[in-house]
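Quick notes on the structure that follows.
The values are calculated or read from the model by the stated rules, or taken from the named source; none is laboratory data. Given the structure is predicted, the values throughout are model-derived calculations rather than measurements. Cβ: placed from backbone, ideal geometry, glycine included. Neighbour counts: every protein chain shown.
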Amino acid sequence: MAAESAKIDPMEHFQIHPLFGDHEAPLQWFTFTNQTLWMAITVLTIFALLVMGTRGRAIVPTRIQSIAEMAYGFVYQMVEDVATKEGVKYFPYIMTLFMFIVVANMLGLIPGSFTATSHVAVTGLMAVAVFLWVTILGFVLHGTRFLGLFWIKESPLVLRPILAIIELISYFVRPVSHSIRLGGNMMASHAVMAVFAAFAVSLGVIGAIAPVVAIAAVYALELLVAFIQAYVFAILTCVYLKDALHPQH
């Protein structure tokens, strides 16, 4: 049993490999991997929920239509509250981000699946896209006045240059923290469950009770984390959007 548990690698769940051919073959940009598959499943699931599920638009909604309407209303209200009514025109982009992340997180909880959002390559791309989008939008809407975001007029004049440097550094750190927060949380909880699973295998039937209970508790917590991390990513995007729309302090 001990030898068997030693074979359990907590990080094995996060390994990307080709779906066809040699799993040890080097990955190319066109290689169809397990990550590609689960990202495609995520997109198809969102399409089934938001498009196919609301196709009838019944006055008395079905369960799927109710879920789609709740998701739509939740994100719309969040955008309106945080980014103001001016930000509502950009709601489709934020809705797309939220739905992709929350569905990918939930699908990653299925045994044998792959959590696409556990890789910084995915979350980093989304974070950089948000960063470039709000920065370009800020300059398009305000021109050089967008730089007022870094110049805090309410502070004493002597401190403004120092605060401007701090604000500038924190601004460029945004995509790093934005992506690592999501990827790190999704990876950590899955790794913890894998460690408990190794304990369950090595301790036998009676001794496995405690690890199995721990796995169930972590799994329940992970359901909450899957939603919260999607919410945090979306609401931070709204905060960054508000800065682009209203750069003045």
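Restricting to region 128-185, and then to whatever is in contact with a Lys or Arg (Cβ under 7 Å, 6 or more places away or on another chain) and of a type in the set (F, W, Y), can you tell me which residue is nearest to Y231 (Cα to Cα)?
So the residue we want is F131.
Could you please let me know if V43 is surrounded by 12 or more Cβ atoms within 10 Å (Cβ to Cβ), touching a Cys at 6+ places or on another chain (Cβ under 6 Å) and in a helix (DSSP H, G or I)? Considered against the rule, which asks whether it is surrounded by 12 or more Cβ atoms within 10 Å (Cβ to Cβ), touching a Cys at 6+ places or on another chain (Cβ under 6 Å) and in a helix (DSSP H, G or I), V43 comes out as no. Residues that are free of Cβ contacts under 8 Å to residues at least 12 places away in the same chain, outside any helix (DSSP H, G or I) and farther than 24 Å from F98 by Cα occur at least once in region 208-228. The residue list G108, G87, G112 contains one member that is modelled with pLDDT under 85 and among the small types (G, A, S), which is G112.
Suppose the filter is without any contact (Cβ under 8 Å) to a residue 40 or more places away in the chain, under 30 Å from S118 (Cα atoms) and surrounded by 14 or more Cβ atoms within 10 Å (Cβ to Cβ); does Y90 pass it? Please lay out each step first, then the result.
On the way: without any contact (Cβ under 8 Å) to a residue 40 or more places away in the chain: no; under 30 Å from S118 (Cα atoms): yes; surrounded by 14 or more Cβ atoms within 10 Å (Cβ to Cβ): yes.
No: the conditions fail for Y90.
The residues listed here are G112, G184, G124; of these, the one that is part of a helix (DSSP H, G or I) and out of contact with any Gly (no Cβ under 8 Å at 6 or more places or on another chain) is G184.
Reported count of residues in region 129-175, each being assigned to a helix (DSSP H, G or I) and over 25 Å from the mean Cα position of the chain (by Cα), is 21.
Taking region 57-72 as the range and being of a type outside the set (S, T, N, Q) and either within 14 Å of Y231 (Cβ to Cβ) or surrounded by 18 or more Cβ atoms within 10 Å (Cβ to Cβ) (or both) as the test, the residues that pass are A68, M70, A71.
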